[in-house]
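Reviewing the structure listed below.
The values are calculated or read from the model by the stated rules, or taken from the named source; none is laboratory data. What you see is a predicted model, and the numbers here were worked out from it, not measured in a lab. Note that each Cβ is placed from the backbone with ideal geometry, even for glycine, and that neighbours are counted across all protein chains shown.
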Amino acid sequence: MATIRKRGNSYQIRVSVGYDTSGSHKEQAMTWKPAEGMTERQIQKELNRQAVMFEEACAHGYRTSAVKFQELAEEWFEEYGKLNLRNTTFYRTKLLTRRVYPAIGHLRIDRLTARQIQGFINSLAKDGVHEKTGKPLARKSIIHYLSFISGVFTYAVRVGLVSENPCSKVVIPRGEVKEKEIYSQEEMQQLLSLMQNQPLKYRAFFYLIAYSGFRRSEMLGLEWKDVDFEHQIISVRRTSNYVSGIGNYTDTTKTKRSQRTLKIAAPIMEMLRALQDEQASESLRLGGQWVDTDRIFTRWNGTPMGNHTPYKWLRNLCNENGLPFHGIHAFRHFAASSMISAGLDVTTVSGALGHSNSGTTLNVYSHMFQNAQARVSDAMDGVFGFLQKAE
């Protein structure tokens, strides 16, 4: 039921619209001013009509521009995020609210300026922001924060709360551009040779990821049904991910093009066959303790391997043997580098890596393609060197 209060020459109409995410009561309000010359009876009749219309509008989701950023962001998660974002993207975006809400969540959406958003974005590029390293956030992480805020404002424009998105005027701090850390051919050979006496599941994991360039989440999502031993091919159909507070969960691939099939070298397929036999033996030995998930890379009891497990295992192996540790993603870069060095064209490399389009591959590995092209030029100069002598 709407409540009406006279304020000078106008009237304020307030309607209860429930409670916000913190449990606080929420109301929507509007102001109506009668036209000059209206009688008291006309005013009361029109005022009641305005109150009924406003109450109906609120019941159908009407929002005033006085809504706070946090409240609208939570609405965006419900009305847009859950319907359009991958589970992984949704959960990771939710994590961004830990910094965003304390900074700007209390501000009205219609009064939040590009200057205020720029100040928050700039603060992420300062020393001490990263809790673990004490360094600024990576530029890629800062982009994620701005994309989230911009997404909420795009939603606000669409539902008529604001007329423009102030994020279009915000600039990402340049920051430090780090070169990709890639294992050289010699380092990779040394690293893989060290794995000969290591547990089979880790040996198979790192040989396969170095050869295929699969993402870590794709590797951990592989199941035995994805392996065709007869034709020596493996298909990527799902991912296994981890988010703090949620735990491990299975999701779709990053894009439709990430669902792909790759032919794998025979020695690696033999490792996988041996790993499958090893799992079958463990299943018989453990009996009821074994959980049949069909995953290729598992814990001791058959449940999916944790996302941090191969990372920690590799780090320990590198530290114990005095080798550089570049993380799991460096194996994907190594595979891409090997494909490019072998002379594969950008379309083929893009398809093998599961990029959404060839432009992504060129952006990420442009330097490698340029080096490969330079080597072609050098080779052709050698072939046609006799022309210079003839001049």
Quickly run through segment 12-21 and pick out the residues that are among the hydrophobic types (A, V, I, L, M, F, W, C) and modelled with pLDDT under 85. V17
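Specify which of the listed residues (I182, I143) is part of a helix (DSSP H, G or I), of a type outside the set (F, W, Y) and closer than 30 Å to Y365 by Cβ.
Details: I182 fails: part of a helix (DSSP H, G or I).
Testing whether each residue is part of a helix (DSSP H, G or I), of a type outside the set (F, W, Y) and closer than 30 Å to Y365 by Cβ leaves just I143.
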Using the structure shown, decide if Y155 is part of a loop (DSSP other than H, G, I, E, B) and in contact with a Phe, Trp or Tyr (Cβ under 6 Å, 6 or more places away or on another chain). no
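Rundown of residues vs (1) at pLDDT 85 or above; (2) surrounded by fewer than 16 Cβ atoms within 10 Å (Cβ to Cβ); (3) more than 18 Å from V159 (Cβ to Cβ), yes/no style:
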position: S10; (1), (2), (3): yes, yes, yes
position: M30; (1), (2), (3): no, no, no
position: P34; (1), (2), (3): yes, no, yes
position: M38; (1), (2), (3): yes, yes, yes
position: N48; (1), (2), (3): yes, yes, yes
position: V52; (1), (2), (3): yes, yes, yes
position: N84; (1), (2), (3): yes, yes, no
position: F90; (1), (2), (3): yes, no, yes
position: R115; (1), (2), (3): yes, yes, yes
Can you find a residue that is closer than 21 Å to K169 by Cβ and either touching a residue at least 60 places away in the same chain (Cβ under 8 Å) or not assigned by TED's automatic domain parsing to the domain that holds Q28 (or both) anywhere in segment 82-99? yes
Which one of L194, L262 is assigned to a strand (DSSP E or B) and aliphatic (A, V, I, L, M)? L262
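Determine if segment 327-347 includes at least one residue that is of a type in the set (S, T, Y), crowded, with 20+ Cβ neighbours inside 10 Å, outside any loop (DSSP other than H, G, I, E, B) and out of contact with any Leu (no Cβ under 8 Å at 6 or more places or on another chain). Break it down into steps so the answer makes sense when it comes.
Quick first cut of segment 327-347, residues of a type in the set (S, T, Y) only: 337-338, 341, 347.
This time we only want the ones that are crowded, with 20+ Cβ neighbours inside 10 Å, so: 337.
Narrowing further to those that are outside any loop (DSSP other than H, G, I, E, B): 337.
Those still in the list that are out of contact with any Leu (no Cβ under 8 Å at 6 or more places or on another chain) too: 337.
Within segment 327-347 (the criterion being of a type in the set (S, T, Y), crowded, with 20+ Cβ neighbours inside 10 Å, outside any loop (DSSP other than H, G, I, E, B) and out of contact with any Leu (no Cβ under 8 Å at 6 or more places or on another chain)), the answer is yes, since at least one residue qualifies.
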Hey, could you check segment 173-209 for residues that are at pLDDT 95 or above and within 25 Å of the chain's Cα centre (by Cα) and say which is surrounded by the most Cβ atoms within 10 Å (Cβ to Cβ)? F205
Is it fair to say Q279 is among the polar types (S, T, N, Q), over 11 Å from Q232 (Cβ atoms), in contact with a Ser or Thr (Cβ under 8 Å, 6 or more places away or on another chain) and in contact (Cβ under 8 Å) with a residue 60 or more places away in the chain? no
Just one of (1) touching a Gly at 6+ places or on another chain (Cβ under 9 Å); (2) at pLDDT 95 or above; (3) within 20 Å of E223 (Cβ to Cβ); (4) surrounded by 19 or more Cβ atoms within 10 Å (Cβ to Cβ) trips up N241, so point out which. (2)
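Residue-by-condition table, conditions (1) of a type in the set (F, W, Y); (2) more than 14 Å from E218 (Cα to Cα):
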residue: K256; (1), (2): no, no
residue: R260; (1), (2): no, no
residue: F297; (1), (2): yes, no
residue: W300; (1), (2): yes, yes
residue: M305; (1), (2): no, no
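Just checking, which of N316, N301 is at pLDDT 95 or above, of a type outside the set (F, W, Y) and in a helix (DSSP H, G or I)? Break it down into steps so the answer makes sense when it comes.
On the way: N301 fails: in a helix (DSSP H, G or I).
One residue alone meets the criteria, N316.
Residue by residue, here is whether (1) of a type outside the set (S, T, N, Q); (2) at pLDDT 90 or above; (3) over 30 Å from S258 (Cβ atoms); (4) in contact with a Leu (Cβ under 8 Å, 6 or more places away or on another chain) holds:
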site: R41; (1), (2), (3), (4): yes, yes, yes, no
site: K68; (1), (2), (3), (4): yes, yes, yes, yes
site: Y80; (1), (2), (3), (4): yes, yes, no, no
site: L112; (1), (2), (3), (4): yes, yes, yes, no
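Yes/no matrix, rows are residues, columns are (1) assigned by TED's automatic domain parsing to the domain that holds S337; (2) within 30 Å of A210 (Cβ to Cβ); (3) among the aliphatic types (A, V, I, L, M):
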{"site": "R111", "(1), (2), (3)": "no, no, no"}
{"site": "Q116", "(1), (2), (3)": "no, no, no"}
{"site": "G119", "(1), (2), (3)": "no, no, no"}
{"site": "S123", "(1), (2), (3)": "no, no, no"}
{"site": "H130", "(1), (2), (3)": "no, yes, no"}
{"site": "G134", "(1), (2), (3)": "no, no, no"}
{"site": "G151", "(1), (2), (3)": "no, no, no"}
{"site": "V159", "(1), (2), (3)": "no, no, yes"}
